[in-house]
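The values are calculated or read from the model by the stated rules, or taken from the named source; none is laboratory data. Just so we're clear, the structure is a prediction, and the values are computed from it rather than from any experiment. Virtual Cβ from ideal backbone geometry, glycine too; neighbours counted across all protein chains shown.
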Amino acid sequence: MDITLGDVQTTALIPLAIKANETMRKKPRIKDEKAVEIIKALGIDTKPYDKFMSHEGVVARTIMLDKQLKNLIKKNPNACIVNIGAGFDNRFSRVDNGEILWFDLDLPDSISARKKAFANQDRVTMIAGSALDNDWCDVVKNSIQDENRKIIFIAEGLFMYFTIEQIKSFMTILKNNFSNGILIAEQNAKFMVKNEKYHDTVKKTNAQFLSGTDSG
């Protein structure tokens, strides 16, 4: 499988490699057979993308976000989930209840790579575009056609690559387009931005941390 990714999009290989390697352990804490399949198809060396601190962080956030999303889906069984900055994420297969609608949003090069790795699935739509443009909102709204349907937005491994102004712009887009939504987001601490060059896996890419927070 041949793919071409931009600097930030290349960071999608970090959680992919970690999930694949964790899955292949004797006692995996998370299982993602699709990640194993993709890594083998890409034929890449996972060592630069799988270091101890990043490994434990990805495993922990995967467990926590899966649990949180499953709880929300239990309360809203026909929810619509928008996975922003989807990369090679395979969360749909882990939380699907047979009713939810799912949208994977990412930049065009990432979606192009994703389409090579993932077959078309019922109730799943891939959207090529920027989270900072309004176009993707129209795709979601035209698909759900139900104002009472709860919309859950996931921003995992995304906001640290946005400036504060870009995060504000993104939040404004959500506010202006959706009235019945929940946002699940992850963000770095500020000290990570200042010490980016020491990050055990991101330093292996050309991506940069642009923002962080001191509170949750």
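Within the range 112-170, the set of residues being assigned to a helix (DSSP H, G or I) and acidic (Asp, Glu) comprises ASP135, ASP138, GLU165.
May I ask you to say which residue of ASN71, ASN134 is polar (S, T, N, Q), more than 17 Å from the chain's Cα centre (by Cα), modelled with pLDDT under 95 and surrounded by fewer than 16 Cβ atoms within 10 Å (Cβ to Cβ)? Spell out the reasoning first.
On the way: ASN71 fails: modelled with pLDDT under 95.
That would be ASN134, the only listed residue that is polar (S, T, N, Q), more than 17 Å from the chain's Cα centre (by Cα), modelled with pLDDT under 95 and surrounded by fewer than 16 Cβ atoms within 10 Å (Cβ to Cβ).
The helices (runs of 4 or more DSSP H) found entirely in the range 3-104 that carry 2 or more residues being hydrophobic (A, V, I, L, M, F, W, C) and closer than 22 Å to ILE144 by Cα are 52-75, 91-95. Restricting the range 137-164 to residues that are in contact with a Ser or Thr (Cβ under 9 Å, 6 or more places away or on another chain) and free of Cβ contacts under 8 Å to residues at least 40 places away in the same chain leaves a set whose member that is farthest from ILE73 (Cα to Cα) is VAL139. Scanning the range 100-135 for residues that are under 21 Å from ILE38 (Cβ atoms), in contact with a Phe, Trp or Tyr (Cβ under 7 Å, 6 or more places away or on another chain) and touching a residue at least 40 places away in the same chain (Cβ under 8 Å) yields one hit, ALA117.
Residues being within 16 Å of LYS115 (Cα to Cα), among the hydrophobic types (A, V, I, L, M, F, W, C), touching a Lys or Arg at 6+ places or on another chain (Cβ under 9 Å) and surrounded by fewer than 19 Cβ atoms within 10 Å (Cβ to Cβ) are represented in the range 41-54 by at least one member.
Residues are listed down the side, and each one gets a yes or a no for (1) within 14 Å of THR62 (Cβ to Cβ); (2) hydrophobic (A, V, I, L, M, F, W, C); (3) at pLDDT below 90; (4) out of contact with any Ser or Thr (no Cβ under 7 Å at 6 or more places or on another chain):
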{"residue": "MET1", "(1), (2), (3), (4)": "no, yes, yes, yes"}
{"residue": "ASP7", "(1), (2), (3), (4)": "no, no, yes, no"}
{"residue": "ILE18", "(1), (2), (3), (4)": "yes, yes, no, no"}
{"residue": "ASP32", "(1), (2), (3), (4)": "yes, no, no, no"}
{"residue": "ILE44", "(1), (2), (3), (4)": "no, yes, yes, yes"}
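Take the residues in the range 85-101 that are among the hydrophobic types (A, V, I, L, M, F, W, C) and surrounded by fewer than 23 Cβ atoms within 10 Å (Cβ to Cβ); name whichever of them is nearest to the chain's Cα centre (by Cα). Of everything passing the filter in the range 85-101, PHE92 is nearest to the chain's Cα centre (by Cα).
Checked against the criterion of being in contact with a Pro (Cβ under 9 Å, 6 or more places away or on another chain) and farther than 19 Å from THR23 by Cβ, the candidates ILE73, ILE84, ILE100 yield just one match: ILE100. Across the range 40-68, the qualifying residues are those that are among the charged types (D, E, K, R) and within 30 Å of VAL139 (Cβ to Cβ), and the one among them that is farthest from the chain's Cα centre (by Cα) is LYS67.
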